[in-house]
Each structure stands twice: as C-alpha cells, then as structure tokens.
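FYI, it's all coordinate maths here, none of it is from the lab. Note that the structure is predicted; figures quoted are calculated from it, not measured. A quick note on method: Cβ atoms are made from the backbone with ideal geometry, for glycine too, and the neighbour counts reach across all protein chains shown.
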Amino acid sequence: MKMLMAAAIAASVAFCGAAGAKENYKEKAFNADSRDKFEAVAADVRKQMETGGRYQYVKADERVKVDAALTEMTALFAANDSVAAMPEATKIKLFNDQEVVNSILTQRDGDRVICTKTAPVGSHIPITNCHTYAQEVEAREGTKKQMNEWGRGACSATAASVKAGPNGGAACHQ
C-alpha cells in the first residue's frame, strides 16, 4: 500500500512539473525603462529588421511604422531619463508606440512557431504540423518562384508557334 501511495505521489509531482514547464521557444521580456536601455533595444530591433535578422520579414510599410514609433519613443526618452520620471500623458504615448512596435514585430517574427492540426488526405486522424514563420515565408516564395519558372517555359499562343499536336491539341514549337 505504501509503494502504491509513493508511486501516485511521484507521478503527480512529475505531471505537475511538466505542466508548469515553460516552452523552450519563449523569450524573456526586455525591461527598457531608461534611456540607455531603450537605445540598446531600439538599435537591436533595427539591426534585426535587416536581411538575415529575426525580423527580416517586416514589410516596407510596417518598417516605416516601426521606425517612426521607435523615433518617437527615443524623443520621449530624450525629454525624460526614465519611465518613472515621465508624466502620465507621456507614458501613454510611450505605451501606444510600444504596442505598435510589438504587434508588428510579433506578427513578422521569423522565429514565431505556427502549428496547424489537419487530417491528411485519406485519413480522419488529424496530425499536428509545426513550423516557423520564416519557414512559411521561404516555402511561399519558393513556390512562387517555381510557378514563375514553369510559366516562362510555356510557349505563347501565337499562330507561328502553335501547331497541331499528335492528339489534335496545340503543341508548342520553339
């Protein structure tokens, strides 16, 4: 009886520990509450938006919004050394600018994990597929490139280049 109770306690501790564990792809939050800390974070965000960076998939119009918000936040920190020293209206402006930046960067984060649960063709049992946003964008761009290459290989439908094929249909001759 004691062995059964010990096994039950050990199993409950193991399940509780697994349930409380953080996912390994989560990152720690930045605490940019002073001018120096904010400048370091802003420089890192701008660097990560360049080609090869974590936020390289930010679109041009979104990049303008992020840069404008970071510039405005820099001006707010130039007038006040820390968030604690800011008046309430300035804190609200800072918060709103942070939300603009965070919403865009979160959506375009190349490391963001996307999981879908779908049933494959011929099965009723759904499977879970996970990939990063970067993998999704690269796959989409690769598909577009392949479709464009296939489209260029087809002949144009001009009278000179189209002749009757073996089955009566049109055949391309170059």
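Here are some notes:
- Given LYS37/LYS59; LYS37/LYS91; LYS117/LYS145; LYS47/LYS145, the pairs whose alpha carbons are separated by over 21 Å: LYS37/LYS59; LYS117/LYS145; LYS47/LYS145
- For GLU141, net neighbour charge (Lys/Arg +1, Asp/Glu -1) across residues whose Cβ lies under 15 Å away: +2
- Descending semi-axes in whole angstrom, ellipsoid equivalent of the stretch 30-107, from the Cα gyration tensor: 23, 13, 9
- Spin-label model distance (nm) - ASP111 vs GLN48, 7 Å beyond Cα toward Cβ: 0.7 nm
- Table column - 3J(HN,Hα) (Hz), the stretch 130-138, Karplus curve with 6.51, -1.76, 1.60, x for Gly and Pro: 10, 7, 8, 4, 4, 5, 5, 5, 5
- Taking a Cβ cut-off of under 13 Å around GLU39, the surrounding Lys, Arg, Asp and Glu residues balance to a net charge of 0, with basic ones at +1 and acidic ones at -1.
- Radius 11 Å from Cβ of GLY110, net charge of other residues (Lys, Arg +1; Asp, Glu -1): -1
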